[in-house]
Structure formats: C-alpha cells, structure tokens
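Heads up, the thing below is written out as structure tokens.
The values are calculated or read from the model by the stated rules, or taken from the named source; none is laboratory data. Predicted model, so just to flag it, every value in this text is computed and none were measured. With ideal geometry, Cβ positions are generated from the backbone for all residues, glycine too; neighbour counts draw on all protein chains shown. Surface areas here come from the heavy atoms of the whole protein model, side chains and all, with no ligands, DNA or RNA. Shrake-Rupley method; radii C 1.70, N 1.55, O 1.52, S 1.80 Å.
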Amino acid sequence: MKDLNNVDDKVNMYKFHEDDANRQVMQSMQDLFCRSNHIYAICYGMTYNRITEFSGTQDEEAFMRRHISVEMEKTLIASFRDDDLEDVISGDSNQPYIKYKAVAIRGQSGKLLGVWLVSAIAADLKTDVDRVPSDMRMTTSDDFEAAVNFIELLTKVYFQEKFHGFMLEDRLEETQSTQSKLKQMLHRNEVTTEVLKLLESDGDFNQIADNVLTLAGEYLGLSHCNLLRLNMDGETVDLICEWCNQGHPSMIKQYNKLQSSAIPYFTGRPYTISSDSLMPEEFGEFFKEFGITAGVYLPLMVNDELSMYLGFMESKKPRKWAVEDVRFLNDVKRVLQTILLKRITKNSLASSYAAIDAILENSGCGICVLEANHGAILYSNDTFNNMLVELSDRMDFETCFLGDVPENEQSNEYYAKVSGRWYSVTRAMIHWVDGREVQMCTLYDVTAMKEYQKQIEEQANIDDLTGLYNRHRFRKDFLDYIRDAVRSGGDQGTFMTLNLDDFKDINDGLGHKNGDNLLTMVANSLKSICRERAVAYRLGGDEFAILVPYYKEAEVEHIAETIRKRFEQPWNLGDKDYYCTMCMGIVSFPKDGVSEDTLMQRADYALFEAKKKGKNQVESYNAATSTHSQRRLDLERCMREAVAGGCKEFVVYYQPLVDVNKKNHPCCGAEALVRWDSKELGMIMPTEFISLAEYLGLINAIGEHVLVEACKRCKFWNDFGHPEYKVNVNLSVVQLQQKNIVDTVRNALIYTGIYPGNLTLEVTEGTAAGDMENMIVVLNELKALGVRLALDDFGTGYSSLSYLRELPLDVIKIDKCFVNEVGEDDFSDAFVKTVAELADTIHVNVIVEGVEIQSQQDALKDMKVHMIQGYLYDKPLTQDEFESKYLE
C-alpha cells in the first residue's frame with residue numbers, strides 16, 4: 001500500500017489543478033470567499049501559470065494591476081522556499097491602502113506547489129485624496145489579516161484532504177487492478193486446462209492444432225495465429241493451420257510455398273517482438289509486408305531439428321507482450337510439442353507419459369489427477385506436492401473434490417487449514433493413460449491475494465482515528481441485524497446513537513489534537529463497556545453508534561446507564577481534567593421500524609428529545625412524543641437546503657405604511673416581511689422559523705437575502721413614479737452581532753443603487769437593551785451610511801425613555817399591544833400620547849402598528865402619530881399584489 005507521505009506532491013498538484021471539476025470547485029470557493037470578505041485573490045502555480053482566475057471584474061482587476069504589477073507578483077512568489085516554515089509573505093504596493101500578501105500551498109512533504117495572491121483595498125488607510133472607483137471592494141486592515149489567516153488555515157486543511165482523496169483513489173485503482181489480475185489469472189487457468197485436455201485427444205493433429213490456436217488467439221485477443229511446417233525440401237514452408245480474428249483476412253496465400261529464407265524468424269530460435277521493440281531491417285520489412293505490428297514466434301523441434309513454427313501475431317494496433325502472455329504461449333507450445341511427439345511415438349506409452357510429466361512439472365501451477373469414484377490421487381507434480389505437504393490437508397482436498405465436475409463450474413477456492421494457504425482450483429474431466437475417466441485439478445496459490453483483499457476490507461471498515469468500526473461497516477452490520485431480527489420473528493435488536501455535548505468547545509478551545517484524544521478515549525470506553533454484548537462504531541465527527549444484536553431490556557438499560565455514568569466523570573486532556581457529556585437516543589428493531597432510514601430517523605428523534613432535557617441524557621424512541629421532534633428536524637433540513645439553494649424559497653411580502661398627516665392617507669412605503677414558501681413543507685410563517693434560523697446561524701443569509709430584495713423593489717418604486725416610497729427591513733439580534741453587518745448593508749446599498757434615506761432598518765427594543773454600549777456604536781455606523789433607523793416594538797421590553805436620547809433613531813414604532821385598547825384604556829392612551837409628544841420634541845417620527853379598526857384610527861388622530869400600519873389599510877401583500885395596488 002502507498003503511504004500518504006510517499007505520494008508525489010507534484011503529481012497530486014497536477015491531478016488537482018489539471019482536473020476541470022477541481023478547478024471549478026477552487027474557483028467557486030475563491031469567488032465566494034472573496035465576495036464575502038471584500039477582497040481579491042488569484043492562485044498561481046510555481047511556473048506562474050494560472051490555476052484560478054482573478055476573483056473580480058475586469059475593471060477591478062485592471063485597477064489592482066495598476067498598483068500590483070506582474071513583476072511584483074513574480075518576485076513575491078519567488079520569495080518562498082521548499083521546506084520553509086514561512087507560509088505567508090507580505091508584498092509592498094505603490095499605495096499604502098493597497099494590501100497584498102502571498103499564501104503558500106504546500107504538499108505533505110513541505111514541497112511548494114502553488115501560491116494564493118490575496119489583495120484588498122484597506123478603507124481605514126485610504127485618505128480622501130486617494131481616488132478609488134466606487135464599485136471596488138473595500139475592507140479594513142484587520143479584516144484583511146483575518147481573511148489571509150483563514151486562507152492559510154483552509155489551504156492546509158483543504159489540500160491535505162484533497163491529497164488524501166488522491167491517495168484513496170490510488171488505493172482504489174490498486175484494488176481494481178488486483179481484482180482484474182485475479183480475474184485474468186482465473187481465465188488463464190481455465191484456458192490452460194482446456195489446452196491440457198487436448199493432450200489426451202485422439203483426433204487429427206491439424207484439428208488439435210486448430211483448437212489450440214483458437215483457444216490461444218481468443219484468450220489473448222490476437223489478430224492471427226498460425227502453424228508453419230518446414231517441407232521435406234528444407235527450403236519452403238506451408239501454412240498448415242491458421243486462426244484469424246473477426247475482420248482480419250487469411251494469410252494462407254502469402255505463406256504457401258514461401259521460402260524459409262524469406263522468413264527472418266525461421267532460425268530455430270524463439271522471438272518475442274513488441275510494437276516498441278528495436279527490430280533488424282529484415283524483420284521490419286517482413287512486418288510491414290504482412291501488416292504485422294507485434295509477434296511471438298516459437299519453434300517446434302523433432303529430434304533436435306526444426307520442424308514447425310508457431311506464430312502469434314497482432315496487426316493494425318500496437319501491442320506490448322506481457323510476461324504472463326509469453327509464459328502462456330510457451331505453455332501452449334509445449335503442449336503442441338508434446339502432441340507432435342506423441343503422434344510420432346504413439347506406440348510408446350512410456351515415452352508419451354514422460355513427455356507429459358515433463359510438461360506438467362514445468363507448467364508453473366500445481367496439477368493432480370484424482371480417481372473419479374474414490375478421490376484417490378493418481379498423479380501429482382512437484383508443485384502440487386509442495387502446496388499440500390501436510391497429510392491432513394491432502395486428505396481434506398481429496399474429500400472436497402470427490403465426484404464429477406459440474407458442466408458450468410468455473411473455479412473454486414480451497415483453504416488448506418494446517419498450512420494456512422489459499423488456492424484457486426480449476427477442475428476438468430479427462431481420459432487417463434489407461435482409458436479411465438479421471439478428474440484433473442490445477443491449483444494456483446492465491447494466499448497473497450486473499451491477504452491483500454482482507455487488508456483492504458479491514459481498512460475500508462475501520463475508523464483511522466479511534467480504531468472502531470466506521471460508518472461503512474455500521475450500515476452493513478445494521479442491515480444484517482435488522483434482517484436477522486425480522487426473520488427470527490421474536491428477537492429484538494437495539495440501536496443507540498450518541499453525540500457529545502459541546503464537543504466543538506473542546507475542539508476549538510483546547511485544539512484539534514486534544515479533540516482527537518478525547519474521541520479516542522470515548523471510543524476506548526465504549527469498546528470496554530460493550531465487550532462481547534454489543535458493537536460500537538464511530539459514524540463521524542463526535543457521532544457514535546452502538547448495535548446490540550439481540551435485545552434484552554435489562555442489558556440495554558445496563559449498557560446505556562454505564563455509558564451515562566462514564567460521561568459523568570472527567571476526561572484527562574493535557575494533564576488536566578475536563579468534563580464532556582453526551583446525549584443518547586435509543587430505538588429497537590423491528591418494534592420501532594424495519595428499515596435503516598426509518599430507524600436512524602427515529603433514533604435522531606429520540607436523541608433530540610434527550611438534548612431538550614439537558615446534558616448527559618438518555619431517551620428511547622416514543623411515537624407519541626416524536627411528532628414535534630420530527631417537525632423540528634424537517635424544518636432544519638429543509639431550511640439548510642433552502643439556504644444552500646440561494647434562499648430562493650424565502651419570499652418577501654410588503655405591508656403598506658400610510659401617512660395619516662396627508663390628505664386621503666396615501667401609502668408612503670412598506671415594511672418587508674419574510675415568508676418561507678418551502679417546496680416540501682409549504683408556506684411557513686416567521687413565528688415558526690425565525691428563531692430556528694437564528695439558532696442555526698442561517699438568519700444572516702436569509703436576512704441579507706431579504707435586505708437585498710427589499711432594496712431592489714424600493715429602488716424600482718422610486719424609479720417608477722414614487723420617489724417618496726421607503727422600505728422598512730428588520731434586523732435580528734444575530735445579524736446585529738455580526739462584525740460585518742455594516743459592510744453587509746453598505747454592499748446592499750451599492751448593489752441595488754437605492755437612495756440610502758429610503759431604507760429604514762428596524763431593531764427591536766430588546767435587541768437594543770441587550771448590549772447598549774455596543775449597539776450605540778453599530779447603529780451610529782449604520783446611520784453614517786445614510787439609512788434611517790427605527791426602534792421596533794417600543795414599550796414591550798425594557799422600556800426606558802433614555803433609549804430615545806442615546807440611540808440615533810429616526811422612527812419609533814409603538815407595539816400593537818398598546819393599540820388594541822387605545823381610545824378605551826387610559827393607560828394605553830397616555831402611553832401613546834407621551835411617546836408621540838416626546839418623539840415630536842426630539843424630531844423622531846412615530847409609526848403605530850396593528851391598527852385594525854376605524855375606532856382605533858380615530859383615537860389616534862390628535863396624538864401626533866405620523867404613520868399607521870395595520871389591517872385597517874391592508875394586510876402583507878406579495879410583490880405583485882403590492883405593486884399592482886400601490887405603484888400605479
């Protein structure tokens with residue numbers, strides 16, 4: 001087997017960047033990363049050949065080229081050295097705000113294979129006099145350094161995995177090659193057996209020779225095989241036997257009465273000539289005349305004098321003769337030689353037997369002849385005797401292969417228990433020298449092949465890190481155990497799935513090495529607890545599984561409780577004790593299902609219920625309580641798929657905002673509200689999926705999608721007759737906590753071209769109160785972009801009027817709960833009036849949400865409210881509905 005460290009780095013790199021699919025993956029990853037981090041990058045090989053293209057437009061590349069020349073790039077690339085510890089080198093541009101660095105791509109041995117060149121425009125270093133086109137990407141010096149560090153880490157991990165993949169491909173190719181060789185060897189055994197059977201044929205020599213040539217030609221896929229006989233005059237030859245492959249013309253007319261002197265190989269010596277062999281001039285002319293590209297020519301001798309020549313030829317296509325092919329053809333030659341001598345000395349049985357024995361002794365395989373009725377060995381060559389040297393092995397062999405050979409039998413495998421060897425056995429019924437029908441067996445030692453196959457199977461089934469069985473072996477065993485449980489009719493099996501709690505914190509906090517050590521210790525503990533009663537597997541990451549083939553409730557409970565108690569104890573990592581618990585879900589089969597997918601899904605439901613209870617919990621599947629878990633898992637799966645598909649399933653609705661200070665209360669804009677139109681689950685409201693999206697970290701992608709779509713539509717409204725329309729977009733607490741939130745909004749403004757003052761960003765009161773100091777900084781940066789800011793749901797959270805002074809607000813939105821009883825409840829009236837008057841004093845607009853009936857609007861008339869939003873005027877509308885109603 002090849003070791004990963006011995007794989008040639010240059011070959012791996014060639015395989016990697018010459019493959020179009022891999023280059024497309026690299027280009028896509030590079031483009032996505034550069035857009036997300038507002039930087040530029042390109043990847044070069046060590047000969048300055050491009051592996052990826054520049055991640056940006058032609059105009060952006062031209063601008064950067066004015067400050068970073070080709071010679072500057074080449075000089076930076078040349079600064080790296082093989083086996084150097086330095087993987088990142090900074091370059092100097094002709095402007096201080098142009099930053100660029102080179103990141104090395106190294107192979108397993110430290111060999112330098114390529115370089116990422118990463119560049120950016122640092123906005124914090126740019127002055128007002130620096131002329132930079134408005135469509136160029138901009139970042140900060142710190143963010144640029146963070147991006148380069150991430151590229152360095154990703155490069156090491158990504159290429160390590162890629163090279164590991166190339167190693168696995170090589171292993172697969174080796175395995176396939178080995179299997180192909182085994183198949184060829186078995187086929188050769190079968191053909192050799194058929195040729196050997198002709199030794200006992202009493203037919204005409206020419207007919208036997210025709211059969212031999214046919215077997216050899218078809219097996220090797222040749223163009224022509226022939227047998228030339230030297231005539232009595234010793235000068236001319238005749239072609240007495242010929243086999244031609246389909247589509248190849250006969251050569252009989254060309255050979256008959258041909259002078260032996262005109263045939264360069266008619267010398268009594270053997271010749272093996274491949275297409276790439278160096279040939280004397282006479283051989284080259286002969287091959288050209290007969291259209292031959294490669295040939296093997298073997299003499300048949302009678303009384304030490306040349307009698308005939310066997311010819312095996314290829315035409316029209318090149319051929320390089322393999323050692324096995326030449327050995328096979330020599331075996332064929334020996335058989336024909338023996339048959340020829342048998343015909344000459346057919347009255348001498350002893351002479352024939354001696355010739356046969358000489359051939360069989362030199363055949364390269366074990367051969368024995370068994371009596372058909374009793375299995376006793378009548379003949380065996382030395383190779384066979386050395387293979388089955390132990391008496392018990394020989395007796396066992398005779399017993400196993402007693403009786404007639406089935407018509408369609410191919411080859412068998414036989415294991416000699418005492419010697420521990422594996423043999424491939426091919427059998428055929430022949431007539432023995434005394435006329436009896438006997439069984440001839442040919443044996444080939446395939447022990448090395450079997451051991452290699454076993455090693456490959458073990459490597460395919462074992463997890464490299466922990467030594468447990470892996471997911472591949474788990475699936476095979478799981479299906480077998482399910483099938484056995486179903487067939488038994490009464491036995492139950494158990495499947496346990498467990499995940500480590502907060503493993504990511506240990507992996508990130510203590511490093512991957514300690515993370516791997518923890519996984520190894522967990523695996524050893526599981527293996528020790530399971531012993532002979534169950535089997536433990538590592539499915540990947542921090543996910544483990546246990547299969548109990550035969551269900552005993554007390555035993556399963558004992559295993560689960562023992563595991564839970566072990567996880568109550570600390571794990572020693574780096575000479576310190578750390579706690580890491582787990583949660584486990586349990587299903588039984590066939591009680592809880594009879595398919596792998598169903599059982600794994602239900603085990604996940606049970607695991608989810610366990611995690612809901614806290615850490616170090618164990619839960620068995622219960623159909624009555626699984627519905628909510630199933631819905632939650634379905635939502636997560638579909639949401640991840642929707643986000644991965646570009647957030648196209650997330651549709652933006654628009655609820656009108658009306659200006660109550662103007663005549664007829666005209667529409668002055670809308671609030672953008674997201675709905676999830678899942679292709680699998682149907683329409684889902686925000687109350688069901690927003691909190692889950694925040695928990696999964698998907699709200700950033702969804703929020704950015706909504707922001708861009710809302711800005712695009714508002715820009716369209718502004719351009720087509722309604723420049724006064726504004727759009728309100730909600731920002732969740734998770735979005736506001738992102739370091740790049742200001743860049744995200746800035747990019748949306750640039751991309752859509754919307755006037756910043758027509759975009760209002762809404763933050764909830766609870767979000768603002770969570771971290772007031774940081775929130776003030778973020779909102780001021782957003783305000784600097786020119787957008788408007790609104791405080792949503794005011795009065796529902798930590799209501800403090802000081803927020804109105806500290807936050808850079810343009811709009812206050814009073815929550816629906818104060819509108820429900822306005823005009824009927826003194827507190828509600830007083831709250832709305834107080835907030836509205838204070839807002840008027842500090843020049844902040846007031847929007848009242850949730851106005852549904854006329855009496856509520858009437859009560860708000862004299863309260864200095866600027867805008868109203870609610871079902872009294874309209875519900876949230878689709879884009880087409882809103883524009884049809886409010887754009888014309």
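A few remarks follow.
- A quarter of the convex hull surface defined by the alpha-carbon atoms of the range 168-287 gives 10.6 nm² as the mean projection.
- Overall form of the range 43-103 per C-alpha gyration tensor (a/c, 1.5; a/b vs b/c): oblate
- The chain - percent of accessible surface contributed by carbon and sulfur, probe 1.4 Å: 49 percent
- Partners of LYS162 within straight-line reach, counting aspartates and glutamates whose Cα lies under 14 Å from its Cα and excluding those fewer than 8 residues away in the same chain: ASP8, ASP9, GLU18, ASP19, ASP170.
- Nearby lysines by direct alpha-carbon distance to LYS591 (threshold 17 angstrom, same-chain neighbours under 8 apart not counted): LYS552
- Whether the range 664-793 is rounded, prolate or oblate, judged on the alpha carbon gyration tensor where a/c under 1.5 counts as rounded: oblate
- Two-decimal Rg/Rh across the chain, once Rg and the Kirkwood Rh are taken from alpha-carbon atoms: 1.15
- Shape category assigned to the range 720-764 from the gyration tensor of Cα positions, a/c cut at 1.5: oblate
- Cα-based Rg and Dmax for the range 568-633, where Dmax is the largest Cα-Cα distance (Å): 14.7, 46
- Of the chymotrypsin sites (Phe, Trp or Tyr not before Pro) found in the range 673-758, the ones in coil according to DSSP and having at most 13 other Cβ atoms within 10 Å of their Cβ are PHE720.
- Normalised contact order of the chain, rounded percent, pairs of Cα under 8 Å and 6 or more residues apart: 5 percent
- Solvent exposure of the range 553-592, expressed per residue, is 51 Å² of accessible area, with all protein chains present and a 1.4 angstrom probe.
- Using every pair of distinct Cα positions in the range 543-669, the Kirkwood expression returns a hydrodynamic radius of 18.6 angstrom.
- Annotation: lysines with alpha-carbon distance below 26 angstrom to LYS99 (same-chain offsets under eight excluded): LYS74, LYS126, LYS156, LYS739.
- Take every Cα pair under 8 Å whose residues are at least 6 apart in sequence, average their separation, divide by the length of the range 392-546, and the relative contact order is 17 percent.
- Under a model in which nothing but the beta-carbon of Lys, Arg (+1) and Asp, Glu (-1) is charged, the chain shows a dipole of about 1000 debye around its Cα centre.
- Principal axes of the range 450-559: Cα extent on each, largest first, Å: 50, 41, 19
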